[in-house]
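One structure is given below, encoded as structure tokens.
The values are calculated or read from the model by the stated rules, or taken from the named source; none is laboratory data. On a predicted model such as this, the values are computed, not experimentally measured, just so you know. Note: ideal-geometry Cβ built from the backbone for every residue, glycine included; neighbour counts use all protein chains shown.
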Amino acid sequence: MAERTIILAGGGHAHLGVLAAWARRPPPDTRRILITSHRHTAYSGMLPGWMAGLYDEADIMIDLAPLAAAAGTELVLASVTGLDPHHVHVGSTRLAFDIASLAVGGGIDTAPFAATGARLLPIRPVDRFRAGWRAFRDRPGDIAIVGGGAGGFELACAARAALPHVAITLVTPPGTLLAGHAPAVIALARRALIQRRITLIETSASGHPDGIRLDDGTILPAAAVILATGSIAPPWLAQSGLATTVSGHLAVDATLAVSPTIFAAGDIIQRTDRPLPRSGVHAVKAGPVLAANIAARLSGATLREYQPRQRTLYLLSTGDRRAILSWGPFALHNRLIWQLKHAIDTGFMRRQRV
Ligand SMILES: Cc1cc2nc3c(=O)[nH]c(=O)nc-3n(C[C@H](O)[C@H](O)[C@H](O)COP(=O)(O)OP(=O)(O)OC[C@H]3O[C@@H](n4cnc5c(N)ncnc54)[C@H](O)[C@@H]3O)c2cc1C
């Protein structure tokens, strides 16, 4: 049988399960290529812990090179710049595929904060954020964090653990602090912010040369503005000719199929059959389904579906070896929850080391 080419675009959380599946059982008669912008990818679940000083950089970085080698997959370090139904584009090079899977992750919309200039620290791309935080940590000042989702909340707590003496403000529109989590979780989060002397301002904000401008016109000065405003789709997806949603994300159903030859998962998708939050949990859990469905396409078998459990477990670190458990209506905040999170996260990282 003629060899078929499978391209994985992006070394995102969603592709880790594909590489693991291929290491166990490589699809026969295939040439497999991983194209990703960096050899190392940060495990987002431990990134706030790194910021808080609980982990070293080496603890949170996944080296894709040995994972690709174990999966018999060529590693190409390059940025994907476009896609069409038959090719992945890297600059002016067109790489033909029989099957492609995308997990390049999302970006951050920095346009409303352009006026903030060099003080702006968007949390994506994560490698640039890490470098920006390292530099800021050495000459710290007051911090504003924009975006009250799980990422913004954890980063605010981590910043407090790292920098006990600066003013920290978390700014998020009304009703958006940990939106989607139960009231009991939000109540614990509010209390945690107060205990850590993190000011919560519930309003929208935009950029200003001194920091940020709040909705009522007040200027909040800040030496660093961390932008954690949710993930946007890479603009080149809209030019791919593939089905996208109004937000520019790839439209997929439960099989994660974008087209007969392309799959996608992680932050760049929007499910058409149900709402699904963009989180590392769902990205990681989509990996085995991607692997199964790539194999199913090759053999003509039926595609599997990724259906999340009714309740997703979230463990939100508060930076001080405590964490908040969020599981449906249940909420707890203590050291045991952090120990559970630490055990899950370090166990996950151990499995990424081959
Ligand atoms: C600070 C922070 C904390 C978070 N904490 C949590 C948490 O505790 N729990 C949770 O569930 N989720 C968390 N998330 C969300 C989680 O990180 C994402 O949902 C998840 O990483 C998305 O996975 P992905 O596969 O889409 O891509 P990512 O894991 O984002 O990876 C994208 C990969 O693609 C590569 N890449 C990017 N662009 C290109 C390109 N053009 N060409 C080639 N390669 C490219 C990158 O180098 C990277 O390796 C957090 C996010 C952040 C930013």
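For the reader, a short list of remarks on this structure follows.
- Residue identified as surrounded by 15 or more Cβ atoms within 10 Å (Cβ to Cβ), touching a His at 6+ places or on another chain (Cβ under 8 Å) and of a type outside the set (S, T, N, Q) among ALA159, ALA192: ALA192
- Single match in THR312, THR261 (criterion: away from the ligand (no atom under 12 Å from the Cβ) and more than 16 Å from GLY12 (Cβ to Cβ)): THR261
- Residue in the range 14-28 that is within 20 Å of LEU237 (Cβ to Cβ), touching a helix residue (DSSP H, G or I) at 6+ places or on another chain (Cβ under 6 Å) and assigned to a helix (DSSP H, G or I) present: yes
- Only helices (runs of 4 or more DSSP H) whose full extent lies in the range 61-176 are considered here, and the ones with at least 3 residues that are closer than 30 Å to PRO221 by Cα are 126-138, 150-162.
- Filter pass, SER317 being of a type in the set (S, T, N, Q), within 30 Å of ALA2 (Cα to Cα) and either at pLDDT 95 or above or touching a Pro at 6+ places or on another chain (Cβ under 7 Å) (or both): no
- Against the numbered list (1) more than 9 Å from the ligand (Cβ to nearest atom); (2) within 28 Å of ALA343 (Cβ to Cβ); (3) of a type in the set (Gly, Ala, Ser), GLY45 comes up short only at (1).
- Boolean, PRO288 is under 22 Å from ASP29 (Cβ atoms), more than 10 Å from the ligand (Cβ to nearest atom) and either assigned by TED's automatic domain parsing to the domain that holds LEU237 or of a type in the set (Phe, Trp, Tyr) (or both): yes
- Residue that is surrounded by fewer than 21 Cβ atoms within 10 Å (Cβ to Cβ), at pLDDT 95 or above, basic (Lys, Arg) and within 15 Å of the ligand (Cβ to nearest atom), where the choices are ARG24, ARG31, ARG94: ARG94
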